[in-house]
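The values are calculated or read from the model by the stated rules, or taken from the named source; none is laboratory data. What you see is a predicted model, and the numbers here were worked out from it, not measured in a lab. Note that we place each Cβ from the backbone using ideal geometry, even for glycine, and neighbour counts take in every protein chain shown. Each accessible area value is taken on the protein alone, full model and side chains, heavy atoms only, with ligands, DNA and RNA left out. Shrake-Rupley method; radii C 1.70, N 1.55, O 1.52, S 1.80 Å.
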Amino acid sequence: MITLSCPWCGPRNVTEFAYGGESGARPDPATATPQPWRRYLYTNANPAGPVTETWLHRAGCRRYLVVERDTTTNEILAIRRPGGAPSTSARHATTGRATEQRP
Amino acid sequence: MTAATTPGAATRLDPQPGEVIDRTDRFAFTWNGVEHHAYRGDTITSALAAAGVRVFSRSFKYSRPRGILTASYLDPGCTVQVDDEPNVRGSHRRIAPGQAVTAQNVWPSLDRDVKMANQAVGRFLTAGFYYKTFIKPQRLWPTYQRVLQRFAAGGTAPDTAPDRLRYDKRYAHPDVLVAGGGPAGMKAAVAAAKHGAKVLLVEEEHELGGHLRYGDTGDLDRLALLRAEVAASDVEVLTDAVVAGRYDGNLFAVVERSAPGLTERLTKVRAGVAIVAAGLIERPYVVEGNDLPGVLLSTAVRRLINLHAVKPGNRAVVLTANPQGDAAIADLQRAGVQVWAEDARAGGDIVRILGRGGVVGVEVGDGRKVPCDLVVTATGWTATTSLLNMAGDRPVYEPRIARFLPSQLPDDVLVTGGLAGDDDLDELLDHARAAGELAAERATEPGSVRGAALPVRPIVDACLPALPLHDHPAMFRGPTHGFVDFSEDVGSKDLAAAVAEGYDSSELAKRYTTATMGPSQGKLETVNAVAAVAEATGITIGQAGTTTWRPPYAPITLGALAGRNFEPVRVSPMQPWHEVHGAAPLVAGAWIRPDHYGDPAAEVRAVRDEVGIIDVTPIGKLDLQGPDVPNLLELLYVNKWQKLDVGRVRYGVMCAEDGVVLDDGVTGRLGPDHYLMSTTSSGAAGIWEWIENWLQTERPGWDVHVTPVTTAYASMNLAGPRSRDVLAPLTDVDLSADAFGYMHVRTGTIAAVEDCVLWRIGFTGELSYELHVPAGYGLHVWETLLAAGADHGIRAFGVEAQRTLRLEKGHLIVGQDTDGLTKAGSAGLGGLVKLDKPNFVGKPELVWQQEVGVTSTLVALQPVDPTEVPPEASQIVVAGRTVGRITSSRRSPTLGRGVCLGQVPPDLAAPGTHVTVRLPDGRDIVAVVQQHLAHVDPEGARLRG
Ligand SMILES: [Zn+2]
C-alpha cells in the first residue's frame, strides 16, 4: 500500500483515496464527433511509466487531486490541485461567472 | 518400537543458567487425555519431552510418526490442538494450566494409524500423485475429495467462534522498524533510538535474544547487557510477534500473537526505514531416516537443554559442520548424554538413520552402525530472506558459505546480523549499530516522505561495511535419500523423479511435488529442495536459484485479517418506531429501511384511498448555495434550470458523459441563491462526489458551495388524498391548492418544529408532501403526524408499497428500469432532454442517440391474463430471440392485475402492441404495450388535486 501526499492533508495511505482514472483531454463537446469522443470516454493509454491520474481524497479532505505516478514503480512524481485552481477560500471570494478551466 | 512415550524416562535436568521455566510454578495439563505436568515457561512439546513423549503427530501423506525437529515455531511435526483451537504450533506455544492438548492428523490414533498402510503403497504417492492418482474416472472425484480431506493436515475448528476470541487491528508509524530481536536486532534498535528515531522492535520468540538465549554463560552475560540496553531505551518491543510481510511504501504486516486481551492482532506498520535482522534458520540434513522421532537440529537440542532443561536423549550421534554443532556437543555432554561426533569438516558423515518408530542407531561414514536414541545435525543455515525478497531483493547463492546473501535493496530497507554475513559477536554488533544509526538518519531526514516508492539498487552501494564470510561446507544431502519437506512428506527422491518427468526447474518441481507448500512454507525445506533439483539437473544451486518468497512469512489467522467489525449501519431517527411496529427490515446499502409493516398491499390501498406515510430519510439531500447554482444545475441535469423561481421544485435527470442515465430527483429553490437537491438513496454519496468533481476540476471558478444534508434531515412522505387534511392543522404553511401547488416548495413549521422543508411532489402519484425535518425532531414529527392522521385512516407504508405505487404511476427507478447502457432516450425521458441547451453533461451522446434513433425504449406493459405477474428480468422474445426485458413488475392492488415496465425495441413500442414474455419457468405469456407509462391516473389529476 503506497502513500499519497495530499497537498491539503499530508501523506496518507492510498486506501483513503478513490481512484478517478487516467486524466485525458476532453474534446470540445460542442464540436466533438463520435470517434474522438468515445476514445476520450472509453480508452486509456495505460503506459508502463509516468501517467497523469485523478484521485479523490475521499476519506480525508474530499478534494480532487492530479497525481503523476510511474506505473512501473508506483513512484509519485507530482501531486497537485486540479487546473491550478485557486484555493477553497479564494474560490469563495470569487463572484465571477463561469470560467472554462481544464486540468 | 511404535510407543509414543518412553515410560519412566524422567528427562528434566537440574536448573540451567539460561532456563526460561519457573520451577516454583508447576501445573497439570493433559495430552491425549493423559495428565502431565509442566512448569510455567514450558512449551507444549518441551513439557511433553520432559515427560518422555517423543511422537507428536503423524505425517501428512505416509502417516509416519514425527517428533521435535526444530523446537521452535517452525517445528513441522508438532502442530497440535489445544482445547478447541486447532493448528497450534506446539514447540512455540507455552502451555497453560488445565489445557487439554491433543494430537491432530491422527486417524484413528497417534499410536495406530490407518494411513501407515500408505508407506506400503508409497509408489502411488510419489511426485505429482495429486495430479496422477486421482484424475480418472471423473465420477469418483467426490470420493477422492473425501479421501484427500482425510489427509489434510489440520485440527478441528469449533462450529461457532468461541466468544473468548478477540481480534484487532491497528496502525503504527515508527521511524525505524527492526524485524528480529536477536543480538543484531537489539543493538540496531537501541542505536536507532539513541539517534532520535522512534523504534519498533519485533521478535517472534517469547523473549529477546535470539541464539544468545540458548548459548553458554558468556552468551548469557552479553544477552543480559543487551537486554539492559533495550530496557533503558525508548524502543517499543513486541515479542511473540512476527513481521509477516513487506508491501509497497515500506508497509509491514506485524502479527502479534499475545497482545494483551487479544487472541491475535494485526499491526500495519508504516516504517520510515526497516532493518531486517531476521537471522538464520538451521537447515535439516537430507538422509535416509531423517524424519524419525529423535532426529533433531543442533539448535533444537540447545533450546531443549538450555531453555527448558530437558535432556533430549541418552546416546547421541552428532553430525557437525559448524560451531553451533560443536556447542551442541558441549551442551549434550554437560547434560549427561553420551556423544558420538561426526565432524563434517574432517570428512565425517552419516549414511542413514536407523529405526522405525524412532531412532535406534546410525550408519556412519565408515559403515559402522552406532546405536543411539538421538541424532543431531548441524549442517548449515537458511538465510531468512523473505522480507528482503518482498523489498525487491534477489538473493544470490554464495557457495563459500553455502547460503544466500542479499544483493539489492531500496534505501528504506537495511539488513544486518547473520543475513548480512558472519563474524564474532562484537563485529556483528558494530555492524548492527551502524545499521541502526544509518536507519535513524534516513528516517528522520527532513523532507523524507514516508511510504514513497524507492528504487532498489545493489547492496554494495549501501553505506554499511560488508561483513566477512566464514567458510561452511556445502551439505544438503547425504549418501542416501531422505525427506526434504516434512510438512508435505516430499523426499529428495520425489524431486529427482519430478525432474526426470520434465519438471526441471525449482518453480515447476515445487508445484508438482508440493515441496515447500506446506505449513512450513519453505523456511526449512526451500534450499534443500533447490539443492535436490540442482543435483538432479546437474547444475549448481546458484544456477537453480531460489523460489520466490511471498507474504505472509508466517501464518495470520482470518480473525486478525478481519479485525473488529467496523461495518457501519445507518438508520433513520424513526427507526425505534419502525421496530416497535413490526417493520420488516430491508438492507439498502448501508441503510436498514422498513420494507413493509406486514401487509404491503393494504399499505398501497391506504395511500390510494386515504393517506399513508413513509420514511424516506435515505434520499440523498444536498444543500447548494451560491450565485452559480443555476449554472451547475444546467450543466448536470439534461433539462432546463435557469428559470426556476423561488418556491418552485423541478424534476431532473442526470446523465454521465456517455449519455447513460446516472441519477434523478427533484431540486427546489428555497431562496435567490439557495437550493435543496435530492438524489436517489443509492446515489447520494456518488452524486455528491460527481458534483464536487465538476466544481473542483472543471468549473473551479464557479461560486457554489455544496453541503450534504442527507442525515441532517429526517425525511418522510405523506401521501394520499387526505394528506392535506392531516398536515394542515400541524403547520403554519398555507396548504391550499392555490397557495401551495404541485411542484412547489415551502419552508415552515411542522408540529412546532421550525426550519422544515415541504415539497409538494408525488412519486406515488397521489397528492403528497415530502417533509424534511431537522433530524433530531424526526421521530416527534413522525409520531405527531401518525396521531393526527389516525382519524383519517393513516397507515405507515414501506419501500415495497412505495415501489408498487410508483410502478402503478409509471415512475422509473434509475438502476432498476435503466441499466449501465441505458441512455436518456431509452429511459422514456426523451421529452425531458433539452438538446437545444448549449451544453450539459452527456449532450454529445444524446444528440447522436437522437440522430441514430434509440435501440430500446421504456414502456408500460400489462399481461393479457390479469393474474400473471412476470418476474422482473423476464425476457421479451421475438421468434425465440431475446429483444427486451421486464424491468419492474408487481401485482397492482389498485387495478387488481399485473403491471410492468419493460425495455422493448422501437418496433414493439407502439401502444397496443402484443409482445411475448418468456417467464423463468419457460412459459410464454402475452403482454400489451400501454399508451402511457402510468397504469394509474395517467392524466395526473390525483397528483395535482
Ligand atoms: Zn486531503
* Pairs, please: C-beta under 9 Å, at least 6 apart or cross-chain, first residue farther than 20 Å from B:P158 by Cα and in the range B:559-570, second open to solvent by 100 Å² or more (accessible area, probe 1.4 Å) and modelled with pLDDT of 90 or more? -> B:V569/B:V587
* To do: Report, ordered by the first and then the second residue, all pairs with beta carbons closer than 6 Å, sequence separation of six or more or different chains, a first member in the range B:328-357 that is among the polar types (S, T, N, Q), and a second member that is open to solvent by less than 70 Å² (accessible area, probe 1.4 Å) and modelled with pLDDT of 95 or more.
  => B:Q333/B:V339
* Asked: Within the range A:15-30, can one find any residue that is under 25 Å from B:V706 (Cβ atoms), more than 16 Å from the ligand (Cβ to nearest atom) and loosely packed, with under 13 Cβ neighbours inside 10 Å?
  -> yes
* Qualifying position, being modelled with pLDDT of 95 or more and over 14 Å from B:R722 (Cα atoms), among B:G778, B:G789 -> B:G778
* Only one residue in B:L807, B:L779 is in contact (Cβ under 8 Å) with a residue 24 or more places away in the chain and either assigned by TED's automatic domain parsing to the domain that holds B:L861 or crowded, with 23+ Cβ neighbours inside 10 Å (or both). Which one? -> B:L807
* Name the one entry in B:P866, B:P871, B:P911, B:P938 that is under 48 Å from the mean Cα position of the chain (by Cα) and either open to solvent by less than 60 Å² (accessible area, probe 1.4 Å) or not small (G, A, S) (or both). => B:P871
* Asked: Of the numbered conditions (1) modelled with pLDDT of 95 or more; (2) open to solvent by 20 Å² or more (accessible area, probe 1.4 Å), B:A737 satisfies every one except a single condition; which is it?
  -> (1)
* Members of the range B:639-668 that are touching a helix residue (DSSP H, G or I) at 6+ places or on another chain (Cβ under 9 Å), outside any loop (DSSP other than H, G, I, E, B) and open to solvent by 50 Å² or more (accessible area, probe 1.4 Å) -> B:R650, B:L662
* To do: Of the numbered conditions (1) part of a helix (DSSP H, G or I); (2) surrounded by fewer than 20 Cβ atoms within 10 Å (Cβ to Cβ); (3) assigned by TED's automatic domain parsing to the domain that holds B:G912, B:W848 fails exactly one; give the number of that condition.
  => (3)
* B:G77 being modelled with pLDDT of 65 or more, buried (at least 23 other Cβ atoms within 10 Å of the Cβ), under 22 Å from B:S520 (Cβ atoms) and not assigned by TED's automatic domain parsing to the domain that holds B:D489 -> yes
* Asked: Any residue at all in the range B:323-335 that is at pLDDT below 95, over 47 Å from the mean Cα position of the chain (by Cα) and surrounded by fewer than 22 Cβ atoms within 10 Å (Cβ to Cβ)?
  -> no
* Asked: Restricting attention to the range B:695-711, which residues are within 36 Å of the chain's Cα centre (by Cα) and more than 7 Å from chain A (Cβ to nearest Cβ)?
  -> B:L695, B:V706, B:T707, B:P708, B:V709, B:T710, B:T711
* Looking only at the range A:49-56, decide whether some residue is open to solvent by 40 Å² or more (accessible area, probe 1.4 Å) and away from the ligand (no atom under 15 Å from the Cβ). => yes
* Structure fact -> Of those in the range B:437-464 that are exposed (fewer than 14 other Cβ atoms within 10 Å of the Cβ) and within 23 Å of B:A402 (Cβ to Cβ), the residue farthest from the other protein chains (Cβ to nearest Cβ) is B:V460
* To do: Scan the range B:895-908 for residues that are more than 47 Å from the chain's Cα centre (by Cα) and within 15 Å of B:T857 (Cα to Cα) and report the count.
  => 3
* Asked: In this structure, does B:R54 turn out to be in contact with a Gly (Cβ under 7 Å, 6 or more places away or on another chain) and either at pLDDT below 95 or surrounded by 16 or more Cβ atoms within 10 Å (Cβ to Cβ) (or both)?
  -> yes
* Asked: Within the range B:673-712, can you find the residues that are aromatic (F, W, Y) and either part of a helix (DSSP H, G or I) or within 22 Å of B:L758 (Cα to Cα) (or both)?
  -> B:Y675, B:W688, B:W690, B:W694
* Under 8 Å by Cβ, and 6 or more places apart or on different chains, what pairs join a residue from the range A:24-49 that is in contact (Cβ under 8 Å) with a residue 60 or more places away in the chain with one that is exposed (fewer than 14 other Cβ atoms within 10 Å of the Cβ)? -> A:A25/A:R102; A:R26/A:R102
* Determine if the range B:852-860 includes at least one residue that is outside any loop (DSSP other than H, G, I, E, B) and without any contact (Cβ under 8 Å) to a residue 40 or more places away in the chain. => yes
* For the range B:311-386, which strands (runs of 3 or more DSSP E) that fit wholly inside it have 2 or more residues that are more than 28 Å from B:T516 (Cα to Cα)? -> B:315-320, B:338-343, B:359-364, B:369-371
* To do: Kindly check whether there is at least one residue in the range A:71-92 that is away from the ligand (no atom under 12 Å from the Cβ), within 11 Å of chain B (Cβ to nearest Cβ), more than 22 Å from B:W688 (Cβ to Cβ) and in contact (Cβ under 8 Å) with a residue 60 or more places away in the chain.
  => yes
* If A:L65 satisfies every condition in (1) touching a residue at least 40 places away in the same chain (Cβ under 8 Å); (2) away from the ligand (no atom under 13 Å from the Cβ) but one, which is the exception? -> (2)
* Asked: Which one is nearest to B:E689 (Cα to Cα) among residues in the range A:25-56 that are within 11 Å of chain B (Cβ to nearest Cβ) and assigned to a loop (DSSP other than H, G, I, E, B)?
  -> A:R26
* Structure fact -> Across (1) open to solvent by 50 Å² or more (accessible area, probe 1.4 Å); (2) away from the ligand (no atom under 16 Å from the Cβ); (3) at pLDDT below 95, A:P11 clears everything bar (2)
